[in-house]
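Laboratory data are not the source of any read-out in this text; all were calculated from the coordinates shown. Since the model is a prediction, treat every value here as computed from it, not as a measurement. Here the Cβ positions follow ideal geometry from the backbone for every residue, glycine too, while neighbour counts run over all protein chains shown.
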Amino acid sequence: MGNIQSVAFHHKKKVYPSSVQFGLNQVKQVQKFHQSFPEYHPTPLVQLHHLAKKLNVAGIYVKDESYRFNLNAFKVLGGSYAIGRYIQEHLNLQPEEFNYDTLIKYSTNESFNRMTFITATDGNHGRGVAWTANRLKQHSVVYMPKGSAQERLNNIKALGSDASITEYNYDDAVRLANKHAKENNWIMVQDTAWEGYEEIPTWIMQGYTTMALEIVEQLNQIKPTHLFLQAGVGALAGAVTGFIADYYKEERPIITIVEPDKADCIYKTAKANDGAIHTVTGDLDTIMAGLACGEPCTIGWNVLKDHADFFISMSDDIAELGMRTLGIPEKEDPLIISGESGAATMGFVAELLTNPQHSQLKDQLQITKDSIILCISTEGDTDKENYKKILSSKGL
């Protein structure tokens, strides 16, 4: 139970990312675009008083992304912003015209040639791309890796997407999508970046920052001492880390990145610390489907290497612990329905603060009774059958 490997990353705390990409002014523009959608409203930031007392810390806050655009996950923030920006550039729209109403006006015009947006996904990102294409009257093609849950596929198909489960792992599904994008003149919408493919992944990452801006607005004057972020390719982790480091500057929290040990490409890259990107191959067989990625996003890693403090590789049972911690709350704490990937960080926090075996790591992370912990539950029960199965088990 509770297999954890960690690496501390040392850097100068006073180095901040370029405010052009993830700084406050840019992020406000991103949020303004999202706010133009009729479905937009900030997702809840939940305070867990009784859990904090049990774990002997001053506060625990969890951003609950299961409410995002009624899609049960945060991913739509990235896909919608990237697709919106692509159409904006295609139409040469001015910044003040960059909103949902204007995009709809142009994209439904008879003279507008319908676009096809293609992506590979473990579920949530593809659903966000399909939803956005549907809302903006465009077409989408979505490839999923082998072993993907049928429920996740059905949710994407229900949005009118040409979606299918492939025989490949996530990274090979990305390559297949990119091949077909080139062959068919489709637009690839992926948060995995590589040489020559950086603009759209950057837009996707910027899309995620709406969530980070909501968090600091909801925290008001409360400053978290510790931020825990899950990583697949590292796009979410990099985007939020970039914004938080720029926003809080010298008062920024200690930032810890969490991954499944079957798909820990960011952890391996951090551990090697040799200037190269390190990948994980094979089936990437983890229950944390949204984090089952073997190749880091270069843009995300370039932010994380400058601003993240710790990188964690952990076993699946810790994510299950997180799901039960949030799904079976302490006393009057509110219930948070969090899926396998969404609960990864809370699982790590709960394991770290309840298992004496990890006392040395807890000290390294400088967690004390005065600590204020922030996590993001990035998804709800996107695989309801597995969610019910895990919540009803005892974790033994």
Query raised in the report: Residues with amide H under 5 Å of residue 115's amide H, sequence separation 5 or more or different chain, H placed in the peptide plane at 1.01 Å from N; which?
Result: 139
Requested in this report: Kindly provide the GluC sites (Glu not before Pro) of region 101-180 that DSSP labels as loop, not H, G, I, E or B, and whose Cβ sees at most 11 other Cβ atoms within 10 Å.
Outcome: 110, 167
Report summary line: Contour minus Cα-Cα span, residue 114 to residue 20, at 0.36 nm per residue, comes to 30.7 nm
Report task. Please give the contour-minus-distance gain from residue 104 to residue 384: 0.36 nm per residue of separation, less the Cα-Cα distance, rounded to one decimal in nm. Result -> 97.5 nm
Report summary line: Which of 319, 58, 235 fluctuates most in a GNM of the chain (C-alpha springs under 10 Å)? That residue is 58
Report task. Relative to the longest principal axis of the C-alpha atoms of the chain, give the angle of the C-alpha long axis of helix 76-91, reported between 0 and 90° and rounded to the nearest 10°. Result -> 30
Query - DSSP beta bridge pairing in region 111-255, given as percent antiparallel to the nearest 5 - result: 5
Query - Cleavage-rule hits (trypsin sites (Lys or Arg not before Pro)) in region 65-127: DSSP loop, at most 14 neighbouring Cβ within 10 angstrom - result: 114
**Report entry** Cα-based Rg / Dmax (Å) for region 89-235
**Finding:** 17.0, 53
Query - Taking only Cα atoms of region 232-363, radius of gyration then Dmax in Å - result: 15.1, 47
Query raised in the report: Picking from 227, 280, 242, whose Cα lies most toward the positive end of the charge dipole for region 193-286 (charges on Cβ: Lys, Arg +1; Asp, Glu -1)?
Result: 227
Report task. Before rounding to the nearest 500, sum -39500 (n - 2.57) across all DSSP H runs of length at least 4 in the chain and divide by the residue total; then give [θ] at 222 nm in deg cm²/dmol. Result -> -13000 deg cm²/dmol
Query raised in the report: Roughly what % of DSSP beta bridges within the chain run antiparallel, to the nearest 5?
Result: 25
Report task. Hand me the GluC sites (Glu not before Pro) from region 298-353 located in a DSSP loop with no more than 15 other Cβ atoms within 10 Å, in residue order please. Result -> 330, 332
Report task. Take the alpha carbon atoms of region 44-100, find their center, do the same for region 232-264, and report the distance between the two centers in whole angstrom. Result -> 15
Report summary line: Going through 268/388; 53/249; 157/384; 105/137; 28/249; 63/223 one by one, the pairs whose alpha carbons sit over 22 Å apart turn out to be 268/388; 53/249
Query - Calculated log₁₀ intensity ratio I(q)/I(0) where the Debye formula runs over C-alpha points of the chain, q = 0.08, 0.10, 0.13, 0.14 Å⁻¹ - result: -0.37, -0.59, -1.03, -1.21
